[in-house]
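Engineer: Below: one structure in structure tokens.
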Amino acid sequence: MKRKQRLTIPKFKQMKVDKNPITMITAYDYPSAILAEEAGVDMILVGDSLGNVVLGYDSTLPVTIDDMVYHTRSVVRGAQDTFVVADMPFMTYHGSVDQTLRNVARLMQEGRAHAVKMEGGAEIALAVDAVVKAGVPVVGHIGLTPQSVHQIGGFRVQGKIPEDAKRLLEDAKALERAGAFAIVLELVTEEVATYISEQLNIPTIGIGAGRGCDGQVLVFHDVVTYASPYRNKKFVKTYVDVGSLIRQGISQYVQEVKEGSFPAPEHVFTAEDTVVESLYGARKQERKAETVQ
């Protein structure tokens, strides 16, 4: 397969101008990153959603910087020609500037990310500014911010009232002024997300934010239904059900091992008669007959 050219920040911004939608998907390990790159996505997000879909947590809050470094490094190895963004996990960019930059440095140097993503609006603008000035590209994230789920009262759609719409727009503009090169809008009403996208010079990437964003992002496991049990989500379209295929395949494997039909003759390696005789001696023919049966 011909290697593609990794997209750059100027190219992402030009895609907004050209109305060429940006495609982003999450990936959390080497094989999923390879598949995402082969499928032609423009950008991969190593999301802290790995806490829910890979590590089995009930939220993103327990995810650590060590977790993010480990998974980001795996993804970058798999998707060497795709722009990879790594999430800054909970409370890793809300302390001092020095602490924030140390955590960012780990994702960039150890994780080999090409950019980091930070949740929040105007309240994190100073942190975003410091990271950008240190030479690190930043993607913002507003709307439903899972790291603040307890504070905002659960997984609620944002932008349903005028006050929310105004706050979201102010947050988006604050992030743009701070130097973010793109912003994820999560669970935002379509009308508000479209208006924000029109007011910004940087791309917006929506997840549950309607058709007016400059791009879309979905979770890998949602796109391919890789979960059990799987919970349907209004803003997600699943394109293939690999979970059922995986479960079916493993169930068949278990059944065949139990009934003795696997391994079959075509799955085994045979030794020369001299080897069998050295092991079993006079029982050589008897043993070979038992093996054939």
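The values are calculated or read from the model by the stated rules, or taken from the named source; none is laboratory data. Just so you know, these numbers come straight off a predicted model, no measurement behind them. Neighbour counts run over all protein chains shown; Cβ positions are idealised from the backbone, glycine included.
Engineer: Pairs, please: C-beta under 9 Å, at least 6 apart or cross-chain, first residue assigned by TED's automatic domain parsing to the domain that holds ALA182 and at positive phi and in the stretch 132-154, second in a strand (DSSP E or B) and modelled with pLDDT of 95 or more?
Structural biologist: GLY143/VAL184; GLY143/LEU185; GLY143/GLU186; GLY143/VAL188; GLY143/GLY206; GLY143/ILE207
Engineer: Quick one: SER251 ticks every box in (1) in contact (Cβ under 8 Å) with a residue 12 or more places away in the chain; (2) polar (S, T, N, Q); (3) farther than 30 Å from GLU198 by Cα bar one, so which box is it?
Structural biologist: Condition not satisfied by SER251: (1).
Engineer: Conditions first: (1) free of Cβ contacts under 8 Å to residues at least 60 places away in the same chain; (2) not in a loop (DSSP other than H, G, I, E, B). VAL236 passes all but one, so which condition is the exception?
Structural biologist: (2) is the only condition that VAL236 fails.
Engineer: Of everything in the stretch 94-132 that's of a type outside the set (Ser, Thr, Tyr) and in a loop (DSSP other than H, G, I, E, B), which residue is surrounded by the fewest Cβ atoms within 10 Å (Cβ to Cβ)?
Structural biologist: Only one residue fits best here, namely GLY95.
Engineer: If you don't mind, another one. Got a sec? Which of GLN216, GLN199 is in contact with a helix residue (DSSP H, G or I) (Cβ under 8 Å, 6 or more places away or on another chain) and at pLDDT 95 or above?
Structural biologist: Only one candidate qualifies: GLN199.
Engineer: Name the residue that is surrounded by the fewest Cβ atoms within 10 Å (Cβ to Cβ), counting only residues in the stretch 228-245 that are more than 23 Å from LEU187 (Cα to Cα) and of a type in the set (Ser, Thr, Tyr).
Structural biologist: SER228
Engineer: Scan the stretch 174-203 for residues that are within 23 Å of GLY135 (Cβ to Cβ) and of a type outside the set (A, V, I, L, M, F, W, C) and jot them down.
Structural biologist: GLU176, ARG177, GLY179, ASN201, PRO203
Engineer: Counting only residues that are among the small types (Gly, Ala, Ser) and under 21 Å from LEU185 (Cα atoms), how many does the stretch 1-55 have?
Structural biologist: Of the residues in the stretch 1-55, 4 are among the small types (Gly, Ala, Ser) and under 21 Å from LEU185 (Cα atoms).
Engineer: From the list ASP48, ASP58, ASP66, pick out the single residue that is of a type in the set (D, E, K, R), over 30 Å from GLY212 (Cβ atoms) and assigned to a loop (DSSP other than H, G, I, E, B).
Structural biologist: ASP58
Engineer: Next question. Can you tell me which condition LEU50 does not meet? The list is (1) crowded, with 16+ Cβ neighbours inside 10 Å; (2) touching a residue at least 40 places away in the same chain (Cβ under 8 Å); (3) under 18 Å from LYS117 (Cα atoms); (4) out of contact with any strand residue (DSSP E or B) (no Cβ under 7 Å at 6 or more places or on another chain), and all the others hold.
Structural biologist: Every listed condition holds for LEU50 apart from (2).
Engineer: Right, next: Scan the stretch 159-206 residue by residue and report those that are in a strand (DSSP E or B) and not charged (D, E, K, R).
Structural biologist: Residues satisfying the conditions are ALA182, ILE183, VAL184, LEU185, VAL188, THR204, ILE205, GLY206.
Engineer: Are any of the residues in the stretch 74-93 in contact (Cβ under 8 Å) with a residue 12 or more places away in the chain, under 21 Å from THR145 (Cα atoms), in a helix (DSSP H, G or I) and in contact with a Phe, Trp or Tyr (Cβ under 9 Å, 6 or more places away or on another chain)?
Structural biologist: No.
Engineer: All but one of (1) loosely packed, with under 15 Cβ neighbours inside 10 Å; (2) touching a strand residue (DSSP E or B) at 6+ places or on another chain (Cβ under 6 Å) hold for ARG77; which doesn't?
Structural biologist: (2)
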